[in-house]
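Below: the structure, in structure tokens.
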Amino acid sequence: MRRHWQGGGPCARQVPGNGKGGALTAIVEFDSVGLRYGTGAEVLRDLNFRLSKGAFYFLTGPSGAGKTSLLKLLYLAQRPTRGRIGLFGEELGDMPRDALPAFRRRIGVVFQDFRLIRHLSAFDNVALPLRIAGKSEAEVEGPVREMLAWVGLADRASARPATLSGGEQQRVAIARAVISQPELLVADEPTGNVDADMAQRLLHLFTALNRLGTTIVVATHDLGLIASAPGAQMMRLEGGILSDPTGTLRNPPGRPASGGG
Amino acid sequence: MFAWLTASVPDRRLLSDGRLRGPTLYVIAIMTFAMIVVAAAGLALSNAAGIVARGVESRYAIQLNDSATSTRAVGAIRSIPGVAKAVPVPEAEMRETLQRWLGPGGLGEELPVPALINVELAPNADSAAIGRRVEQVAPGARFVAHSQVVRPLLKSLRVLQWLAAALVVLMAAATSAVVVLAARGAFDTHRSTIDVMHGLGATDEQVTNLFQRKIAVDALIGAAAGGLAAALALLVLGGSASALAGDLAGGPPLFGTDFLILALLPVGAVILAAFVARSAVLAALRQSL
């Protein structure tokens with residue numbers, strides 16, 4: 001039986017909003033979370049934070065700070081070695097692994113290296129989450145065409161990833177991540193392989209999704225991207241420790257947060 | 001339970017990377033061929049042993065030291081209740097038989113030749129009681145069951161029959177091992193696809209179904225090819241084997257149920273491969289989160 005998150009400990013305080021006003025429900029809750037790989041040193045230490053439902057977060061920090069590890073915890077590719085994680089109001093700590101797919105279907109992930117399936121077309125790659133969710137081909141066709149058009153790849157539907165440019169692959173990966181309208185979207189350096197124009201287009205795509213209610217977490221080094229997303233909250237990870245977990249530090253610093261983030 | 005049999009076209013594309021089918025197909029074809037041929041040999045041996053055993057179970061030989069008394073003894077033996085038939089072996093035939101052992105010059109007229117009477121008992125006759133009666137009507141006679149004579153042969157046939165069964169089991173085990181290796185190999189080859197699928201919320205069941213289907217299709221093609229080759233081999237060997245079996249055992253080497261068992265072996269190989277593949281993939285998936 002699933003255990004509902006009790007909201008105790010350091011996470012029990014109210015999370016500041018994202019500029020939209022009102023108290024928001026937490027979609028992700030970390031309580032004293034630590035992570036180490038094997039017998040090595042902890043790459044993440046004592047993470048205590050909540051992510052509000054419908055908010056937009058940037059995760060920054062130097063290379064090797066543990067951003068990807070933190071994202072792995074968020075999209076359930078890794079279990080913490082200590083501490084508790086709550087997701088969508090349920091604690092994941094002792095949850096059996098066969099219960100995790102249902103959670104993963106509520107999360108969209110954009111991987112740094114895209115992770116497109118190389119022998120599938122762009123269409124099939126984007127359709128994959130819907131097919132995994134058990135949608136019929138009739139239910140898949142329309143939304144996938146629409147999504148490919150949204151990311152500007154309507155005419156590349158049958159192309160294999162190897163024949164697409166880095167930016168096109170990135171957009172296919174994003175289309176795949178958002179096709180099932182996830183409640184939480186996690187993106188690891190989504191603009192790392194695209195030019196500034198495309199980065200802005202992707203950001204607009206994320207903010208549009210965010211307006212539809214999806215919580216967005218984007219790990220990035222791109223300060224320009226962060227600066228162009230007013231209303232987003234920033235989390236900084238350094239040495240395995242997260243600063244500003246409550247999101248009080250607005251971005252860009254000093255500028256008042258506006259709606260729509 | 002059988003959802004894996006009906007994978008959609010897009011699902012099939014997930015593990016289809018355009019390569020030719022792997023060695024699983026060929027190994028299963030060879031294993032199925034060998035299993036059917038060995039099983040056919042085992043069944044033929046079993047049938048031969050059964051035919052021989054049934055043929056001699058009511059047959060006895062009475063050996064008399066003095067051939068002069070045989071005519072009288074035959075009459076007396078025929079009158080014993082339970083004796084269905086008593087036929088004396090002609091002396092010429094006995095001499096011919098002994099000559100094979102002793103050579104042309106070894107069997108002179110002066111050498112006494114024992115008399116032999118072949119006896120067939122009625123069904124459910126008490127052989128021990130008849131043996132005692134034979135002793136009474138022909139003192140000194142030896143009452144020997146044919147089954148006792150052929151017992152070493154039957155024992156050898158039974159051993160060979162069990163050896164064939166063990167070989168079939170061993171080949172099934174080897175097939176399982178090959179399927180486990182193939183499943184693990186396919187799993188490693190498609191590791192990135194599996195990781196993506198898992199990340200998008202695919203269940204173990206969904207991932208396993210893909211592999212199970214892929215390996216079952218390989219096994220099906222392999223088993224069909226192996227089964228067909230074995231059927232052709234048995235057809236070619238069948239004529240001479242039938243003649244040999246007829247001479248040795250007095251019956252056909254294989255019966256209807258035997259062919260059914262042999263036809264079920266490829267089906268069993270496919271089911272075994274599908275089950276083993278499923279177990280192997282599930283075990284591998286459980287290693288990940």
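The values are calculated or read from the model by the stated rules, or taken from the named source; none is laboratory data. It should be emphasised that the depicted structure is a prediction, and the values quoted were computed from it without experimental measurement. A quick note on method: Cβ atoms are made from the backbone with ideal geometry, for glycine too, and the neighbour counts reach across all protein chains shown.
Please find, among A:SER158, A:SER165, the residue that is more than 28 Å from A:THR25 (Cβ to Cβ) and within 13 Å of another protein chain (Cβ to nearest Cβ).
A:SER158
Of a type in the set (Lys, Arg), over 23 Å from A:GLY166 (Cα atoms), touching a helix residue (DSSP H, G or I) at 6+ places or on another chain (Cβ under 8 Å) and surrounded by fewer than 22 Cβ atoms within 10 Å (Cβ to Cβ): which single residue out of A:ARG131, A:ARG105, A:ARG118 fits that description?
A:ARG105
Evaluate the following for A:ARG105: is it facing another protein chain (nearest Cβ under 7 Å), closer than 30 Å to A:LEU44 by Cβ and not aliphatic (A, V, I, L, M)?
yes
From the list B:ALA164, B:ALA141, pick out the single residue that is closer than 22 Å to B:LEU45 by Cβ and surrounded by 18 or more Cβ atoms within 10 Å (Cβ to Cβ).
Result: B:ALA164 is the single residue among B:ALA164, B:ALA141 that is closer than 22 Å to B:LEU45 by Cβ and surrounded by 18 or more Cβ atoms within 10 Å (Cβ to Cβ).
Identify, please: which residue in region A:64-87 is more than 10 Å from chain B (Cβ to nearest Cβ), part of a loop (DSSP other than H, G, I, E, B) and modelled with pLDDT of 90 or more and is, among those, surrounded by the most Cβ atoms within 10 Å (Cβ to Cβ)? Step through it out loud before you land on a result.
Looking only at region A:64-87, we keep the residues that are more than 10 Å from chain B (Cβ to nearest Cβ), and these are A:64-71, A:73-74, A:80-87.
Now narrow it down to the ones that are part of a loop (DSSP other than H, G, I, E, B): A:64-66, A:80-81.
So of that shortlist, the ones also modelled with pLDDT of 90 or more come out as A:80-81.
Working: A:PRO80: 21, A:THR81: 14.
Taking the candidates together, the pick is A:PRO80.
Of the conditions (1) closer than 20 Å to B:LEU200 by Cβ; (2) more than 14 Å from chain B (Cβ to nearest Cβ), A:VAL194 satisfies every one except a single condition; which number is it?
Going through the list (1) closer than 20 Å to B:LEU200 by Cβ; (2) more than 14 Å from chain B (Cβ to nearest Cβ), A:VAL194 breaks only (1).
Would you pick out the residues in region B:61-73 that are among the β-branched types (Val, Ile, Thr) and either at pLDDT 80 or above or surrounded by fewer than 14 Cβ atoms within 10 Å (Cβ to Cβ) (or both)?
B:ILE62, B:THR71 - these are the residues of region B:61-73 that are among the β-branched types (Val, Ile, Thr) and either at pLDDT 80 or above or surrounded by fewer than 14 Cβ atoms within 10 Å (Cβ to Cβ) (or both).
What pairs come up if the first residue lies in region A:113-129 and is at the interface with chain B (Cβ under 8 Å from one of its Cβ atoms), the second is among the basic types (Lys, Arg) and surrounded by 20 or more Cβ atoms within 10 Å (Cβ to Cβ), and their beta carbons are under 7 Å apart, counting only those six or more places apart or on different chains?
Partner pairs satisfying both residue conditions: A:LEU128/A:ARG176; A:PRO129/A:ARG176.
Mind checking which pairs have a first residue in region B:223-242 that is under 17 Å from B:ALA269 (Cβ atoms) and a second that is modelled with pLDDT under 95 and of a type in the set (S, T, N, Q), Cβ under 9 Å, 6 or more apart or different chains?
Qualifying pairs under 9 Å: B:ALA223/B:THR32; B:ALA224/B:THR32; B:ALA225/B:THR32; B:GLY226/B:THR32; B:GLY227/B:THR32; B:ALA229/B:THR32; B:ALA230/B:THR32.
Scan region B:103-125 for residues that are within 38 Å of the chain's Cα centre (by Cα) and not in a loop (DSSP other than H, G, I, E, B) and report the count. Even if it seems obvious, please write down each step before you answer.
If we filter region B:103-125 for residues that are within 38 Å of the chain's Cα centre (by Cα), which is where we start, we get B:116-125.
From the residues that got through so far, the ones that are not in a loop (DSSP other than H, G, I, E, B) too are B:116-121.
Going through region B:103-125 one residue at a time, the tally reaches 6.
If we scan region B:192-202, do we find a residue that is without any contact (Cβ under 8 Å) to a residue 12 or more places away in the chain and away from every other protein chain (no Cβ under 14 Å)?
No: region B:192-202 contains no residue that is without any contact (Cβ under 8 Å) to a residue 12 or more places away in the chain and away from every other protein chain (no Cβ under 14 Å).
Could you please let me know if A:GLU137 is within 9 Å of chain B (Cβ to nearest Cβ), more than 19 Å from A:ALA177 (Cβ to Cβ) and either crowded, with 21+ Cβ neighbours inside 10 Å or not hydrophobic (A, V, I, L, M, F, W, C) (or both)?
Here the answer is yes, as A:GLU137 does meet what is asked.
If I filter region A:146-167 for residues that are among the polar types (S, T, N, Q), under 23 Å from A:HIS204 (Cβ atoms) and either surrounded by fewer than 21 Cβ atoms within 10 Å (Cβ to Cβ) or touching a helix residue (DSSP H, G or I) at 6+ places or on another chain (Cβ under 9 Å) (or both), do I get at least one hit?
yes
Quick test for you: out of B:ALA183, B:ALA202, pick the one residue that is crowded, with 20+ Cβ neighbours inside 10 Å, in contact with a Phe, Trp or Tyr (Cβ under 8 Å, 6 or more places away or on another chain) and not acidic (Asp, Glu).
On inspection, the qualifying residue turns out to be B:ALA183.
Return the total of residues in region A:78-107 being without any contact (Cβ under 8 Å) to a residue 24 or more places away in the chain and under 25 Å from A:GLY61 (Cβ atoms).
Going through region A:78-107 one residue at a time, the tally reaches 2.
Restricting region B:1-29 to residues that are part of a helix (DSSP H, G or I), at pLDDT 70 or above and surrounded by fewer than 19 Cβ atoms within 10 Å (Cβ to Cβ), which is farthest from the other protein chains (Cβ to nearest Cβ)?
So, considering only residues that are part of a helix (DSSP H, G or I), at pLDDT 70 or above and surrounded by fewer than 19 Cβ atoms within 10 Å (Cβ to Cβ), the one farthest from the other protein chains (Cβ to nearest Cβ) is B:TYR26.
Only one of these is modelled with pLDDT of 90 or more and out of contact with any Gly (no Cβ under 6 Å at 6 or more places or on another chain): A:LEU47, A:LEU92, A:LEU51, A:LEU35. Name it. Talk me through it step by step, then tell me what you get.
Details: A:LEU47 fails: modelled with pLDDT of 90 or more; A:LEU92 fails: modelled with pLDDT of 90 or more; A:LEU51 fails: modelled with pLDDT of 90 or more.
Going through A:LEU47, A:LEU92, A:LEU51, A:LEU35 in turn, the sole match is A:LEU35.
Given the conditions (1) closer than 24 Å to A:LEU71 by Cβ; (2) touching an Asp or Glu at 6+ places or on another chain (Cβ under 7 Å); (3) at pLDDT 90 or above, and given that A:ARG156 satisfies all but one, which numbered condition is not satisfied?
So A:ARG156 meets the others, but not (1).
In the list B:VAL207, B:VAL169, which residue meets the criterion of being within 14 Å of another protein chain (Cβ to nearest Cβ), part of a helix (DSSP H, G or I) and of a type in the set (Val, Ile, Thr)?
B:VAL207
Can you name the number of the only condition in (1) more than 14 Å from B:SER46 (Cα to Cα); (2) of a type in the set (Gly, Ala, Ser); (3) touching a residue at least 60 places away in the same chain (Cβ under 8 Å); (4) surrounded by fewer than 17 Cβ atoms within 10 Å (Cβ to Cβ) that B:SER176 fails?
That leaves (4) as the condition not met.
I'm trying to understand the selection: among the residues of region B:222-279, which are among the hydroxyl-bearing types (Ser, Thr, Tyr) and modelled with pLDDT under 90?
Correct list: B:SER240, B:SER242, B:THR257.
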